[in-house]
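Visitor: The structure that follows is given in the form of structure tokens.
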Amino acid sequence: MKELIVDKIMTDKQIESYEGKEIKRSMINIILTEDTDVYTRENKLLCRFRKNALKPKKVDVFFDNVIDFAMNVTTNRGTTSGQKKTRKNVKDNKKIRSNILGYIDGFSPKQKFNMKKQKIYPLLNVRETRFNIENPEKWNKCLPMLKEVDSLYKKNIPTYYKIQRQKADETHYKIKDTAFTTITTNVNFKTRLHKDRGDDDEGFGNLIVIEDGKYEGSETCYPQYGIGVDVRQNDILFMNVHEWHANLPMKPENKNVRRLSVVCYLRLNIWKITKNIDKSILKKHDNIVRQLGKHPERLTM
């Protein structure tokens, strides 16, 4: 197994100045294409990359059941998509194909407005996503791949996995038999420089890529360390998402190419909000949210 120890090539102040901005290939010294464990000079695990780790059939089934929903557009993804913190109207932001499966903490301003208008008031600031509510059969078909990702996480990053799985097991709002609460899907989305601030700070992000067509680029990079990873079909990247990271530009062979990236993680606030809540309250809350979910105009993510 290849092991790499990396130093910072930019100071913390220098890298922070790139927040919300695109990164360039010239900022990256090396791009990994084989199984590699990457550590910082302080012996902190930065990422662990495994080629061809996932079973193709499970990956294909996940893609077939998710891709239509994953093609929906949003304008509310913060600095990940280069949106400025000062923007008050998210409708003015660039439209991107980034969506959430599983569970999420919080409601959008539009959802809150509609809840007030319809006098529907959830008990908690946590909910199922629209995909789960409207597509239970498709969601069930997605679970085999997600459980395989979970199994690989447990095998390859056992220390982090154990802590995260314990948290997941303490909440009703988790993906069954996994250490995850939430899945983010991105289609042809070049993320700008950011840190994932909502994820469990004691856990790792689990990234896979599903390809529909040929392309170059889109490598997942840690520019502060000058390193990138070319995550491709059936590969998995376990990554410290609390370090600065972004994607290089994608160069598709044609306009029909789709690169679906899938990130599996635990939302820390979901665990904090729901870990000690009685199941009867959670059931009542779910029923209220599902009433919203029957009306797509009221629940949009």
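Visitor: Give, to the nearest whole percent, the P(r) tail of region 107-166 beyond 17 angstrom, counting all Cα pairs.
Guide: 62 percent
Visitor: Once the Cα atoms of helix 136-156 and of the chain are each reduced to a long axis, what angle between those two axes, in degrees from 0 to 90 to the nearest 10, is obtained?
Guide: 40 degrees
Visitor: Report, for the chain, the % of DSSP beta bridges that are antiparallel, rounded to 5.
Guide: Bridges in the chain that DSSP calls antiparallel: roughly 85 percent.
Visitor: Please identify, among F204, F113, F131, the residue showing maximal mean-square fluctuation in a Gaussian network model of the chain using a 10 angstrom Cα cutoff.
Guide: Result: F113 has the largest fluctuation of those listed.
Visitor: Put a dot 7 Å past each Cα toward the Cβ at N140 and L4; how far apart are the dots in nm?
Guide: In this crude spin-label approximation the distance works out to 4.3 nm.
Visitor: In Å, what Kirkwood hydrodynamic radius results for region 188-301 from the alpha-carbon pair distances?
Guide: 16.8 Å
Visitor: Over the chain, what is the relative contact order in whole percent, taking alpha-carbon pairs under 8 Å and six or more residues apart?
Guide: 27 percent
Visitor: Could you work out how far the C-alpha centroid of region 152-198 sits from that of region 227-259, in angstrom?
Guide: Cα centroid to Cα centroid, the span is 17 Å.
Visitor: While we're here: Using a simple spin-label model with points 7 Å from Cα along the Cα→Cβ vector, what separation in nm is obtained for H242 and Q118?
Guide: 3.7 nm
Visitor: Taking the Cα centre of region 101-195 as origin, work out the dipole magnitude from +1 charges on Lys and Arg Cβ and -1 charges on Asp and Glu Cβ, in debye rounded to 20.
Guide: 440 debye
Visitor: Between K195 and K94, what FRET efficiency follows from the Cβ-Cβ distance if R0 is 25 Å, with the result rounded to 0.05?
Guide: Efficiency computed from Cβ-Cβ geometry: 0.80.
Visitor: Can you tell me the length gained on complete extension of the stretch K55 to K284, counting 0.36 nm per residue apart and subtracting the Cα distance?
Guide: Stretched out fully, the K55 to K284 stretch lengthens by 78.6 nm.
Visitor: Using just the C-alpha positions of the chain as equal point scatterers, what log10 of I(q)/I(0) does the Debye formula give at each q in 0.16 1/Å?
Guide: -1.45
Visitor: Find the percent of Cα-Cα distances in region 202-266 that exceed 17 Å, and round it to a whole number.
Guide: In whole percent, the share of Cα-Cα pairs in region 202-266 beyond 17 Å is 41.
Visitor: Counting Lys +1, Arg +1, Asp -1, Glu -1, what net charge surrounds L237 among other residues with beta carbon under 9 Å of its beta carbon?
Guide: +1
Visitor: Compare the Cα positions of N254, W271, T181 along the charge dipole of region 126-278 (+1 at Cβ of Lys, Arg; -1 at Cβ of Asp, Glu; about the Cα centre) and return the one farthest towards the positive end.
Guide: N254
Visitor: Relative to the first principal axis of the alpha-carbon coordinates of the chain, what is the inclination of helix 279-293, with its axis defined by its Cα atoms, in degrees from 0 to 90 and to the nearest 10?
Guide: It is inclined by approximately 90 degrees.
Visitor: Hey, how much of the P(r) for region 116-240 falls beyond 18 Å, as a percent of Cα pairs?
Guide: Here the tail beyond 18 Å accounts for 62 percent of pairs.
Visitor: Mean-square fluctuation check for the chain, GNM, Cα pairs under 10 Å: which of I273, I23, I133 is largest?
Guide: Result for the chain, Cα springs under 10 Å: I273 fluctuates most.
Visitor: For a quick check, take a GNM of the chain with Cα springs below 10 Å and name the residue from Y103, Y215, Y173 with the largest mean-square fluctuation.
Guide: Most flexible of the set in this elastic network: Y215.
No value in this document is a laboratory result; all are computed from the given coordinates. It should be emphasised that the depicted structure is a prediction, and the values quoted were computed from it without experimental measurement. Here Cβ is always computed from backbone atoms with ideal geometry, including for glycine, and neighbour counts include all displayed protein chains.
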